[in-house]
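What follows draws every value from the coordinates through simple rules; no lab data is involved. Quantities reported herein were computed from a predicted structural model and do not represent experimental measurements. Note: ideal-geometry Cβ built from the backbone for every residue, glycine included; neighbour counts use all protein chains shown.
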Amino acid sequence: MSRIHEAFEHGKAFIPFITCGDPDLATTEACVREAVKNGADLIELGIPFSDPTAEGPVIQGANMRALAGGVTTDRIFEFVERLRRDVTIPLVFMTYANVVFSYGSERFIERCRQVGIDGLILPDVPFEEKEEFAVYCRQYDVDLISLIAPTSENRIAMIAREAAGFLYIVSSLGVTGERSEIRTDLGAIIEVVRKNTEVPCAIGFGISTPEQAKKMAGLADGVIVGSAVVRYLEKYGTQAAAPIGEYVRSMKQAAAEA
């Protein structure tokens, strides 16, 4: 069993997403440390890509800022290695297939293992095509985390049965971004998940307020928040760590009350 299960051992997990290198890696490091200090149970680290198809304008902007700042995959690996000197909570990468493929899939996943990355999320890889990456994830003990979307329908049970790490439940159709209301029947999706796996599930896409976090944590084992965190980086730049820490504390508290 991977270290990811530890994120869900102490009640509802809160999982923030941060784009590496936005606006620079020193700021990313400060934000990660503040998130950990304020209760984050697991952190998704985004490796920027020039065409992030699953992302809305907020995270697209973060990708562009990071790439303009000169961040590279190798520099991100070195950054994670530094973090791992004292950051012990699970860390997962979220990026796109082309980033991994162009680096060399086996080389990339072996490097994940070396620096202490626990899991990998590739939102543009369909479940049926995951084996190209899954074979190396199994070899190097890195969880390839599957996504279940409202459109998964009769594939939910199949995806759940092969899940590793945790299941990422996509709350809404479309790209990432804050939403005033989430209308998907997530309870029905999670009911199917529970019947087919003991792997924990966390809901992401569209969650930004403590009220939403509490509601979603009531359905699942954890809550993932990306755009609302990245918006602080857009607003505060290199001074974003403290506001992000405060936000993480409020969201973690709300999730824990579910």
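Label-point separation (nm) for Glu129 and Ala242, each offset 7 Å from Cα along Cα-to-Cβ?
4.6 nm
Any idea what the relative contact order of segment 3-256 is, in percent, if you count C-alpha pairs under 8 Å spaced at least 6 apart?
On the way: 502 pairs, mean separation 66.8, N = 254.
Contact order relative to length: 26 percent.
Using a cut-off of 12 Å between beta-carbons, work out the net charge of the residues near Ser2 (Lys and Arg +1, Asp and Glu -1, Ser2 not included).
Overall, the nearby charge balance is -1.
Could you give each residue of segment 24-30 its phi-based ³J(HN,Hα) in whole Hz, using Karplus coefficients 6.51, -1.76, 1.60 with θ = phi - 60°, and x for Gly or Pro?
Karplus values, whole Hz, x for Gly and Pro: 7, 6, 5, 5, 4, 4, 4.
With r defined as the distance between the Cβ atoms of Ser50 and Thr209 and R0 fixed at 30 Å, what FRET efficiency is calculated, to the nearest 0.05?
Approximately 0.45, to the nearest 0.05.
Taking 22 Å as R0, compute the FRET efficiency from the Cβ-Cβ separation of Glu6 and Glu78 and round it to 0.05.
After rounding to 0.05, the efficiency reads 0.35.
Once you list every other residue whose beta carbon is under 14 Å from the beta carbon of Tyr236, what net charge do they have if Lys and Arg are +1 and Asp and Glu are -1?
For residues surrounding Tyr236, the net value is -2.
The chain: longest stretch without exposed trypsin sites (Lys or Arg not before Pro) (DSSP loop, at most 12 other Cβ within 10 Å), sites themselves excluded? Before the final figure, lay out each step's value.
Details: sites that count: Arg85, Arg183.
Here the longest segment lacking exposed loop sites spans 86-182.
Using label points projected 7 Å from each Cα along Cα→Cβ, tell me how many nm separate Gln139 and Ser105, to one decimal.
1.0 nm
Net charge near Tyr136, counting Lys/Arg +1 and Asp/Glu -1 over other residues with Cβ under 13 Å of its Cβ?
-1
State, to one decimal in nm, how far the label point of Asn98 lies from the label point of Glu153, with both points 7 Å from Cα in the Cβ direction.
3.0 nm
For the chain, what number results from the quotient of the Cα radius of gyration and 2.2 N^0.38 Å?
0.91
Applying 1/(1 + (r/R0)^6) with R0 = 35 Å to the Cβ-Cβ distance of Gln114 and Lys235, what FRET efficiency is obtained, to the nearest 0.05?
0.50
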